[in-house]
Each structure stands twice: as structure tokens, then as C-alpha cells.
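The values are calculated or read from the model by the stated rules, or taken from the named source; none is laboratory data. The structure presented is a predicted model; accordingly, all values stated were derived computationally and were not measured. A quick note on method: Cβ atoms are made from the backbone with ideal geometry, for glycine too, and the neighbour counts reach across all protein chains shown. Side chains are part of the model used for accessible areas, which takes the heavy atoms of the whole protein and leaves out ligands, DNA and RNA. Shrake-Rupley method; radii C 1.70, N 1.55, O 1.52, S 1.80 Å.
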Amino acid sequence: MILYPAIDLKDGQCVRLVQGEMDQATVFNVDPAAQAKDFEAQGFEWLHVVDLNGAFEGKPVNGAAVEAIFAATHLPIQLGGGIRDLDTIAMWLDKGIDRVILGTAAVRDPDLVREAAHDFPGCIAVGIDARDGKVAIEGWAETSQTTALDLARRFEDAGVAAIIHTDIARDGVLEGLNLDATKEIADAVAIPVIASGGLASIDDIKRLLEPAYEKLDGAITGRALYDGRLDAKEALALIVARYGHHGVTGQY
């Protein structure tokens, strides 16, 4: 199981939102590259990076900050936010990003996901951001009629490397991961599934390591890590004790 620290970028800074609301952004670090280096020093083996402005505008906005993060660490990076076409996917992968996350595009243009997964095997993840079970798009500003489960099943045979399931209602509010909803997706598809949204404390890590959730491939942690509710060393030690490692570079 891999624990991914999140770096959410807004106006070039490292922030956390509450339920995706851009006007409820807390700045945790004005230097995202320094934050990435700090996460690497703490022992994390992947980074989860999101261009929040890009998610709303439908194109990369915080590219300079992403490149600074990439230059500052040796960690593999999965990147989402505003990636809506093959050229942008290819651009980021050419720059050395390890995995690109497609969210809105997965709903609006499923053929793009299939084409990208075929052209760039092991490098495409689908971000399924759900509000009451329905998939939200366009930076979570719009809710579609597609259910999270249906969207996951749509890409079962597409060759995507991972699904990242976020419960929007829990994102940034520290109420704990919605592991049961994420497990429902993991049980329905063979694609590795990562839990996101609401990770609050070491108790969430302990739950993740229970046999009931062993199919889950990992989890993303944000606000709890930044405000000290989750101790990185303790969390990673628990994962190592359970699995003997906490994330293998190039696992997919």
C-alpha cells in the first residue's frame, strides 16, 4: 500500500481546500518545491500533485510550480488538474511526470482515456471524484449523472494504471476516509484503486491495513499531514510493518 502526500497547487502555492471550494483555500507552503523535498525527506515514495487552477480552467495553469517540484525531488509524481487532451498528456509525460490523472476527461471524453492508456501504458490514472455517489467534474463545479461505480467499470478493459476515488463531502474536513465506497469500486474492477478524501489520523491508516481493505492500493493524505494530525513517520512505519515496504517505484 502506497501513502501519497498531496500537493494541491493554487496560484503557485501549496494549499488545501475544503470540499473543493477555491475560496476556502488554506496556504500551507508558498514554495511547493520545498514542500516536495520535505515529503521526500520524510520517507514518502510518491507525490500526488493537483493543479487546482487548471482543473477549473481546463488547461495547465501551475506548470512552473509542477516543474519546480519535479526538479526538486527524485520521487515519482502523479499529476492531475486541467489535463484534457492527448497533447497535454504527452507533454507532461515527456517532461518526466510518471502518471497523469484524467478526471473530467474520463466523463466527457472516455475515448481519450482509452487512447492515452494504449499509447502510454502504465501512465494513465482515472480520477473519480464523487459527490453522493455521482461523479463531479470541471474542478468539482458540476455534478454529472454518472455514478462512480459505472465510471470505474467503463474503464475496466482500458488498461489504466489506477483509479483514484475521492469522496468530495469528506475532502479537507478530516472526517475519515470513505473506505467502504472505495472498497465497493475495488471489488467491482481489477484496476488498482486509491482512496482519497478525508484521511484524518493514524486511525485511518490502521483501518486501511485491515484485511477487509487489502484490495485497496493506497491512500492520499493532505490536510492531516500538513496540520500535524497525522505523523508521517508513524504512518509509514505501520505500512512497512504490514507490507515490508510503503510503495515501490514503478510498481505498475
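Within the range 59-72, the set of residues being within 18 Å of the chain's Cα centre (by Cα), touching a residue at least 24 places away in the same chain (Cβ under 8 Å) and open to solvent by less than 40 Å² (accessible area, probe 1.4 Å) comprises ASN62, ALA65, VAL66, ILE69.
Which of the residues spanning the range 198-229 are free of Cβ contacts under 8 Å to residues at least 60 places away in the same chain and buried (at least 24 other Cβ atoms within 10 Å of the Cβ)? Once the filter is applied, which keeps residues that are free of Cβ contacts under 8 Å to residues at least 60 places away in the same chain and buried (at least 24 other Cβ atoms within 10 Å of the Cβ), the range 198-229 yields GLY198, LEU199.
Filtered by the rule that a residue be over 17 Å from VAL193 (Cβ atoms) and open to solvent by less than 20 Å² (accessible area, probe 1.4 Å), the range 101-130 gives THR104, ALA105, LEU112, ALA116. Residues of the range 159-182 that are assigned to a helix (DSSP H, G or I), of a type in the set (D, E, K, R) and crowded, with 18+ Cβ neighbours inside 10 Å: ARG170 alone. Just one of the listed residues (ILE191, ILE185) is in a loop (DSSP other than H, G, I, E, B) and over 15 Å from TRP46 (Cβ atoms), and it is ILE191.
Among residues of the range 23-42 that are over 20 Å from LEU236 (Cα atoms), those with a Cβ under 6 angstrom from a residue that is aromatic (Phe, Trp, Tyr) and assigned to a helix (DSSP H, G or I), sequence gap 6+ or separate chain, pair up as PHE28/TYR226.
Going through (1) within 17 Å of the chain's Cα centre (by Cα); (2) at pLDDT 95 or above one by one, ARG131 falls short only on (2).
Taken as a whole, the range 112-127 holds no residue that is closer than 27 Å to ASP11 by Cβ, assigned to a helix (DSSP H, G or I) and either touching a residue at least 24 places away in the same chain (Cβ under 8 Å) or not β-branched (Val, Ile, Thr) (or both).
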